[in-house]
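One structure is given here, and the rest of the page talks about it.
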Amino acid sequence: MNKNQQGILQINADYATKYGFNVPENYVFKSRKGLSREIVEKISEMKNEPKWMTDFRLRSLDIFMKKSMPKWGANLDTINFDDIYYYLKPTEEKAKSWEDLPEEIKNTFDRLGIPEAERKFLGGVGAQYESENLYHSIREDLAKKGVIFLGMDDGLKEYPEIVKKYFGTIVPPEDNKFAALNSAVWSGGSFVLVPKGVKVDVPLQAYFRINAANMGQFERTLIIAEENSFVHYTEGCFTKGTPIKTISGLKNIEDIKEGDIVLTHTNSYKKVYKIQKRKHDGVMCTINYFGDTRHEIKITGDHPILSVRRTKTEYKNNEWETEWVESKNLEKGDYVAIPIDRTIISQDGRFFSVKLSRGRHTPKVIEFKIDTDKDFFRLVGYYMAEGSIIKENYLTFTFNKNEKAFIEDVKELLEKFFGKAPLENEEYKNGISLVLCSTLAARLFKQEFGSGAKNKSLPKWFMLEAPEKQVEFIKAYWRGDGSFINKKYSWGKKRMFRINTISEVLAEQTRDLLLRLNIFASINVWNKKEPRSNSFAIYIGGSHLHNFADIVSHNINGSANNAGKLLLKQELMSYTQITDKYAFVPIKDIKREIVKNVEVYNFSVEDDESYIAHGIAVHNCTAPVYTTDSLHSAVVEIIALPGSRVRYTTIQNWSPNVYNLVTKRAYAYENATVEWVDCNIGSKITSKYPSVFLVGKGAKGEILSIAFAGKGQHQDAGGKAVHLAPNTQSTITSKSISKDGGRTTYRGLLKVYPGCKNVKSNVRCDALILDDKSASDTIPYMEINEKDVSIGHEASVGKISDEQLFYLMSRGLNEAEAMAMIVRGFIEPISKELPMEFALELNRLIELEMEGSVG
Amino acid sequence: MSESLEIKDLHVKVEGKEILKGLNIKIKQGEIHAIMGPNGSGKSTLANTLMGHPIYDVERGQILLNKEDVLQYKANERAKKGLFLAFQYPTAVPGVTMFNFLRTAYNAVKVNGHAKDKKQELTSVLQFSKLLNEKLKMLKMDESFVKRYVNDGFSGGEKKRSEILQMALLEPKFAVLDETDSGLDVDALRIVSEGINKLSGPNLGVLIITHYQRILRYIKPDHVHVMIDGKIVKSGGHDLAEKLEEEGYDWIIKEIKNE
């Protein structure tokens, strides 16, 4: 191993301990650190670019070298340009379909929920990992209309003339040092062209992700909207660690944000914990908690866990104020928190892409729409209990002959959804099987819900659907695989509902669905010897008995006359508590030991499966963070030709070691409209001022900006509107929030050139400062060189008032919840403009920021 | 068993100045009490102190809710224990819809708080909407009301109705109504009063704090107390309220001086 390689490995090992999930690096090409003519030439050569682009890059490099750092704005002195990798190429070939992507990369994006997003109503999806676009796809009907949605590199290859005409015309390399840098080393990004008159009614979406340390990401996006067209382009930017919660909606985000290890474990993420080893000296704690017999949590003593301290020696607490407690300070009886994801994204219908043919090079993909209503959820419940898939062509359900009602129900459901009646066969031992010969149905179920009892699981969209529908799933699933236990023991009666499964993921997911219905279920594991699979039993008892009985319509009190809500005395005693956000379960047992040089999270392969310590919220904030920085310096150019409308939405949550220095600019021609919606959370420093140049009569520009600065962060954001033609309009709305010593700056420019009569503009910037440590500045520049204009400007700096807090707290909200609610209200004028999933994401990120401070 | 709210020898300072000077009162569930008093007698201080506003310093005394001193608790915990304050001046929270606010409050107070019902409520959006619509109907409020932002741009009457709507949803054990009649026209006063009357019953203790007797034409209190200079100086039945309406507070002040 040469020295350079060692260096890289070193960084990687280091990085893994600091963040949650980063994937071991396995790049086809990684440039040396630092920037030089050779590196720029090499990038261009590897991309096989035309000469004009190589020249453009080299010219830009010269400009970058000559230009001084901006003298205004956030302090960028700490950026070390020599300590950055400017180009990383993760794979040799671009993927044609999602399945073709390398496993590691696919997993990473799976965690971001991207394939799922694609199946929904998006027009197209692009994904960028480090420097290269790995994947771009666009809905077929849009492609037919001539809409182009490609990676920027492919755009250059396939449409060199168009790219040459526009590239660098809106943001030339001379514009600023970082635009020059991007122009020299750009890689990836998107190229979008919407032809005349075409309205793209669904958003085109791009995702960006930085994985490696000291990495620079320099994507370049060019959007051209021809006359009278419309497009909405959205981008989500994330650093490692942050978005795991979107995987399946199973887990709480705050823990994941810091890249915590314990919480990220579920069966689907084996790779995550394999790489997370480090040596630990000091206290190790082993924690068991009630309600889950599967595993003990092993955790270092200084690792904070979201907990509620026990205040009563018997029974359970009255108060459920959470705090972060280092695990070594926890006691038996204290409560740990199982996060409940109550997000609801309900759709009456969904499109599923189902691959039909096998073994050919280009599989036929069918877009199939299902009414995802209560009935469908019930069908899924039956499938989980009794369903199987045979030879990928037959969707089969097996019942006992006596289960007539269920058999009829399934028959009707199959007919409803697939327009076909199943065949009914007599089976061995009083069995009846229903067989639906439909490749489409079989593959759809296999793809969405898994096949084989051990591998069944529910997709993310299912987990986030409306609880009314999920009830139907539970109902049918229990009918098939569940039972009611009513036993007499010497000490009394014990009654409970049980569901058995050998899919651990499904057990977990069923538990989570029940939590959304405010029902607590415990999971018990029976470890079995190979080749038999471990079996998981989900139990619902105690005070939750009746709620579950209601759902599955099971009379638990024997005779119909006695169907009242009688609970046995011991059933009234529930040791758990469910709140809006968490289920609290007491710690059964905690052991502490001093260890030396122990490898933390070092699982052997067999243990791998069983060591799933997730479930409770664990924080990793006290770990020393981030000694290395990454640089994100993108350029976005938009050309909105006459009469067109372009909306560009960004939500970013970079980790706190990223310098985020982005130049975004649009030209709006006659009667065109350009809208920027820009939400900045995270990063170390953000400098970003999306701008609209209103170059044609009647053009309109709107800029909505949200910035949230936490500890050690500076969000220097705002917008620019430059009026170069008469009858043009612009509005800039900025909302900034600073907390825990964070700093926000609104920096904006409104410029009206002479002769631009009848210009209307309104600028509004509001800042909310949450504590005395934090700060906010407002720097609104205005250069108005025409008299016949109407300009409005309002600015406010506020703090959360004691009266607002008291009012909300008097209605039961604790202080953090009350603050979060006020902040959500504060940004509402902007968040209501976001697509729903972005708005939800934003709200969650903000909630997390509000309650996430440790100490 | 009916519970009680008992205030014992309560002394409260605001910014160093003593406002409540040894106040005593005991309210049982099922009872309606009214505290009347001239301006500056400490009525609002009492209301805010009961709910736990942080700027009021309790120097001495106890506030016992079912024999437990709630002074140790913050406002949100008191709410969960079944205490409710209808504000004289409810604060606006722009950008937060009433629906969102009410649902969050309902989950905090009812599902995780004092709700007696052992069965935990399912509070899906749909179920909550249903419940909310019932309450809206009761208070003759339009369904579109819940789409508006909390107290943002509400008229005086809307603010007060919104407070009673919250009370109807949260079903407290004890409700303190701070000048609920102020700023209401006759029709609004009638509707609000009817709402309160519908909510009162054996499981609710009400403490009406008011300057005027007006609201007491619609809500008949079991006990009327007169508060002057931070103390209860006289207690009686409904006739006391009528006498105050006719003759003002001067005769009581004289009476005290003569003693």
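The values are calculated or read from the model by the stated rules, or taken from the named source; none is laboratory data. From a predicted model like this one, the values you see are computed outputs, not experimental measurements. Counting neighbours? That spans all protein chains shown, and the Cβs are built from the backbone with ideal geometry, glycine included.
Below, the figures for the structure above:
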item: Whichever residue in the stretch A:472-487 is buried (at least 19 other Cβ atoms within 10 Å of the Cβ) and of a type in the set (Gly, Ala, Ser) and, among such residues, is farthest from the other protein chains (Cβ to nearest Cβ); result: A:480
item: Count of residues meeting criterion [under 16 Å from residue A:464 (Cβ atoms) and either more than 14 Å from every other protein chain (Cβ to nearest Cβ) or surrounded by fewer than 19 Cβ atoms within 10 Å (Cβ to Cβ) (or both)] in the stretch A:506-534; result: 5
item: Residue A:440 within 14 Å of chain B (Cβ to nearest Cβ) and modelled with pLDDT under 90; result: no
item: Test result for residue A:226, assigned by TED's automatic domain parsing to the domain that holds residue A:645, closer than 30 Å to residue A:367 by Cα, buried (at least 18 other Cβ atoms within 10 Å of the Cβ) and over 31 Å from the mean Cα position of the chain (by Cα); result: yes
item: Filter result (more than 14 Å from every other protein chain (Cβ to nearest Cβ), under 23 Å from residue B:132 (Cβ atoms) and touching a residue at least 40 places away in the same chain (Cβ under 8 Å)) within the stretch B:165-191; result: B:180, B:191
item: Tally of residues being at pLDDT 80 or above and not hydrophobic (A, V, I, L, M, F, W, C) across the stretch A:508-533; result: 9
item: Count of the stretch A:734-775 residues which are surrounded by fewer than 20 Cβ atoms within 10 Å (Cβ to Cβ) and hydroxyl-bearing (Ser, Thr, Tyr); result: 1
item: Hey, residue A:456 under 24 Å from the mean Cα position of the chain (by Cα) and basic (Lys, Arg) or not; result: yes
item: Filtered residue count, the stretch A:439-453, keeping only those that are part of a helix (DSSP H, G or I), surrounded by fewer than 19 Cβ atoms within 10 Å (Cβ to Cβ) and over 26 Å from the mean Cα position of the chain (by Cα); result: 3
item: Every pair of residues 6+ apart whose Cβ atoms lie under 9 Å, when the first sits in the stretch A:39-51 and is in the same structural domain as residue A:160 (by TED's automatic domain parsing) while the second is part of a helix (DSSP H, G or I) and β-branched (Val, Ile, Thr); result: A:39/A:185; A:40/A:54; A:40/A:185; A:41/A:54; A:43/A:185; A:44/A:54; A:45/A:54; A:49/A:43
item: Qualifying positions in the stretch A:776-800 - surrounded by 13 or more Cβ atoms within 10 Å (Cβ to Cβ) and in contact with a Ser or Thr (Cβ under 8 Å, 6 or more places away or on another chain); result: A:776, A:777, A:778, A:779, A:789, A:791, A:795, A:797
item: Strands (runs of 3 or more DSSP E) completely within the stretch B:8-113 that count 3 or more residues being more than 10 Å from chain A (Cβ to nearest Cβ) and in contact with a helix residue (DSSP H, G or I) (Cβ under 7 Å, 6 or more places away or on another chain); result: B:17-28, B:32-36, B:56-65
item: Residue satisfying all of: in the stretch A:811-842; of a type in the set (Gly, Ala, Ser) and either within 24 Å of the chain's Cα centre (by Cα) or assigned to a helix (DSSP H, G or I) (or both); farthest from the other protein chains (Cβ to nearest Cβ) among these; result: A:839
item: Meets criteria (within 14 Å of chain B (Cβ to nearest Cβ), touching a strand residue (DSSP E or B) at 6+ places or on another chain (Cβ under 9 Å) and over 25 Å from residue B:55 (Cβ atoms)) for residue A:808; result: no
item: Enumeration of residues in the stretch B:1-18 that are crowded, with 22+ Cβ neighbours inside 10 Å and more than 20 Å from residue B:173 (Cβ to Cβ); result: B:12
item: Residue in the stretch A:448-471 that is nearest to residue A:551 (Cα to Cα), counting only those that are of a type in the set (A, V, I, L, M) and away from chain B (no Cβ under 14 Å); result: A:463
item: The one condition in (1) modelled with pLDDT under 85; (2) touching a strand residue (DSSP E or B) at 6+ places or on another chain (Cβ under 8 Å); (3) more than 14 Å from chain B (Cβ to nearest Cβ) that residue A:581 fails to fulfil; result: (3)
